[in-house]
Structures are given as C-alpha cells and as structure tokens.
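Novice: My structure is below; once you've seen it, I'll send some questions.
The values are calculated or read from the model by the stated rules, or taken from the named source; none is laboratory data. Computed from a prediction, not measured in an experiment: that's the story for all the values here. Neighbour counts run over all protein chains shown; Cβ positions are idealised from the backbone, glycine included. Just the protein is used for accessible areas: all its heavy atoms, side chains included, with ligands, DNA and RNA removed. Shrake-Rupley method; radii C 1.70, N 1.55, O 1.52, S 1.80 Å.
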Amino acid sequence: MATPDSKPPPAYVTVSALDGGHLTLPERLFVTDADPDKRSTVPSLAFLIQHPPTNLNLVFDLGVKRDLNGYTAAQRAHIAQRQPVLVSPDVAASLRTGNPPLDPARDVDLVILSHVHWDHVGTPSDFSTATFAVGSGTLDLLKNGGGPLYPSELFNDDELPAQRTVEFPPVPSGGVEYDTEEHETRVPEPTPAAPAALSSLTSKLPAAASWAWHPIDGFPFPHALDFFGDGSLYVIDTPGHLYGHVNLLARLGDRSYVYLGGDCCHDPRILAGDKDIAIYPDGKGGVRSVHVDTAMARRTLDRLADFIHDAAKEGEVDIEVVVAHDGVWKEQNRHRFWPGTL
Ligand SMILES: [Zn+2]
C-alpha cells in the first residue's frame, strides 16, 4: 500500500574521472612486504561531480601542479624523490577536452580538496571563480605546518584564495584525538571563513548554511556532511592521513554509490586486506608511515572495509571505491574519464 510521503524525490549526481598528472611512488614506503626497489608511476586522480538539481559543477582534488615551479623549495626537494612526475594533462586540461569543453575559470563552481599534499592541490588559480571547501584545520596547516614531520615549508601559505575558501565545520572528536606525543605533531586549529568566502558559498549553495556532521542512516560513518542538502553527495570525515582529510560518497542512482577515497590508502591492496600500511624510519630517530597518525588512518580504513563488506553481503547497494593513486583503476576505466561518467 502506498504511504503518503512528503519527502522530496532522491537526488543523484554524475561523476567523471579527470586526469590530474602522475607521480612515482617507491612501494616500500606504502605497503608492507614490498619489493625494496619497486617504483610505480601512478595517477593523481581528480573527479568532476555534476549536480543536476542545481546545475553546479564541483571538482574533487586538483592533482599535480602544471608548473612545478609553483611549489616551495622544500616541496620541490620532496618531489625530486617522486620522479618521474608527469604534469600533463592536468585537471584544467582534462576539463577542456570534454564535449562540451568545460572552462575551469568559468564553469567550475566549487572545489573540494581531500587534503593539501602537493599532489592534490594542483593549480587553484585556474579555478578563478570557484569556492574552495577543505577540511577543518587545513588553512592553519598551510600557514603553520603540523610539527617536525609536517613543517610549514612543505606547504604553501597562499595555496588557496582566502576570499573564496571555507573550511568544513570542525568534527566533534568523540574521544578520538590525534596522538600528538608519539608523533610530535601539532594539530592545526580551525580558521573561520572570511565573510566574502561564506557569502560566495551560500549564494551558490544555500544548503551550505546548515552544514553539520552527522551519521548517515544505514552507513558506518559517524561523521558525514550532506553537501548539497539532498543526500546526493556526502563529505566523509576520514582522519589519519593528513589533518582535514575528507572523502566523498556520491549517490549515482537509487542503489548505486561511488566512494572517492583520496589518500585513505595509496594502494587498493591495503583496503583488500592483502597488504598493510608500511612503517619506515622517519630520519629523526623514530618511525613513521605516510599517514600523520597511522593508528587513526588504520581505523578509517577498517571502517571503509566494513562498509564495502556490508554492502557486498547485504546486496542492497552497489559501492565502488576509488582511491586517488590507483593506476590499475585508471587503465581499466579510461571510458569513465570526462566526458565519460562513472
Ligand atoms: Zn596525501
């Protein structure tokens, strides 16, 4: 029997992959039981997300900068260890290759960065009318760094346009705190948005005025933010890799979702349980991983693995997970790059 239902019909987004350049990762820094000499040149994937109800175009992550001189000297020294780095095509060029071509300066309304490592920040100046949304603490991290292993020299203070950038609200800790003693980190503080940035955001997306972190019904994420306010795209708090790290859960259809995992892991074999996060000397007498807090990164991965497992077991929803540096996914999914869709 039909029941009266005053809820609006469900909304969906379309997602297209974008090329964001390539970098080369030594396997031993990323996965356990690695071949000590193996290096893989992997993509830094970005994604175009289109939201038909508002006609807004959003880009998730911006890959590698087209001009490596745009990085600081310390970043360039780090990048020298990630060669070969391929800068073309970058995200702007990838958007322009579509039919219709998208102009990054005019046609992209919003940019979300999963986090602000060099291989995800891309060239923000290409997106000269977009509003940027980043995880809480990101602007402080860009300015002041995050302790000895994440010094400010590894970030660009002026990476993001202050008048067009907002941070997502701070995530309630729920008793889960970064282990600052063991990792000698400095946890960056939230930065309130400039009034101009807030008004540029809410004029495009009124729903942003009520952004808040909540669990999502039926999903194992305690902190999700309903980006468009209609359940079509959730920002998922995914702590551990870097301060402010977020993922996206995009609803493509009634039972069909894609989860954009950023750097929650760099190799899908970790998510599958075949490998673990590599631990290696930090050069200061201790050990580290590629994550700012390895235990927290592992908890985030465990939650994601549960999510995939539960979805597969119950068969109620189809979930595809794509992490930023998955070269195999890229090769198998060329047809899903813009103007193709996932
Ligand atoms: Zn990263």
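Novice: Out of (1) more than 22 Å from residue 63 (Cβ to Cβ); (2) in contact with a Gly (Cβ under 6 Å, 6 or more places away or on another chain), what's the single condition that is false for residue 291?
Specialist: Going through (1) more than 22 Å from residue 63 (Cβ to Cβ); (2) in contact with a Gly (Cβ under 6 Å, 6 or more places away or on another chain) one by one, residue 291 breaks only (1).
Novice: Condition first: hydroxyl-bearing (Ser, Thr, Tyr) and either within 15 Å of the ligand (Cβ to nearest atom) or free of Cβ contacts under 8 Å to residues at least 24 places away in the same chain (or both). Can you find one or more residues in the stretch 293-306 that meet it? Give the derivation first.
Specialist: Residues of the stretch 293-306 that are hydroxyl-bearing (Ser, Thr, Tyr), as a first pass: 294, 300.
Imposing the further condition that a residue be either within 15 Å of the ligand (Cβ to nearest atom) or free of Cβ contacts under 8 Å to residues at least 24 places away in the same chain (or both) reduces the set to 294, 300.
Checked against the condition, which is being hydroxyl-bearing (Ser, Thr, Tyr) and either within 15 Å of the ligand (Cβ to nearest atom) or free of Cβ contacts under 8 Å to residues at least 24 places away in the same chain (or both), the stretch 293-306 yields at least one hit.
Novice: Moving on to the next point. Of all residues in the stretch 8-22, count the ones that are open to solvent by 10 Å² or more (accessible area, probe 1.4 Å) and either assigned to a strand (DSSP E or B) or of a type in the set (Phe, Trp, Tyr) (or both).
Specialist: The qualifying residues number 3.
Novice: Another one. Hey, among the residues in the stretch 239-262 that are of a type in the set (A, V, I, L, M) and away from the ligand (no atom under 16 Å from the Cβ), which one's most open to solvent (accessible area, probe 1.4 Å)?
Specialist: The residue in question is 252.
Novice: Filter the stretch 263-288 for residues that are open to solvent by 70 Å² or more (accessible area, probe 1.4 Å), among the charged types (D, E, K, R) and at pLDDT 85 or above; which is farthest from residue 150 (Cα to Cα)?
Specialist: So, considering only residues that are open to solvent by 70 Å² or more (accessible area, probe 1.4 Å), among the charged types (D, E, K, R) and at pLDDT 85 or above, the one farthest from residue 150 (Cα to Cα) is 274.
Novice: Given the conditions (1) in contact with a strand residue (DSSP E or B) (Cβ under 8 Å, 6 or more places away or on another chain); (2) open to solvent by 10 Å² or more (accessible area, probe 1.4 Å); (3) within 16 Å of the ligand (Cβ to nearest atom); (4) of a type outside the set (Val, Ile, Thr), report the number of the one that residue 43 does not fulfil.
Specialist: Checking residue 43 against (1) in contact with a strand residue (DSSP E or B) (Cβ under 8 Å, 6 or more places away or on another chain); (2) open to solvent by 10 Å² or more (accessible area, probe 1.4 Å); (3) within 16 Å of the ligand (Cβ to nearest atom); (4) of a type outside the set (Val, Ile, Thr), the one that fails is (2).
Novice: May I ask you to list the residues in the stretch 225-237 that are within 12 Å of residue 135 (Cα to Cα) and in contact with an Asp or Glu (Cβ under 9 Å, 6 or more places away or on another chain)?
Specialist: Selection gives 225, 235.
Novice: Further, regarding this structure: Give 102, 110, 86, 95 a once-over and let me know the one that is of a type in the set (A, V, I, L, M) and under 30 Å from residue 29 (Cβ atoms).
Specialist: 86
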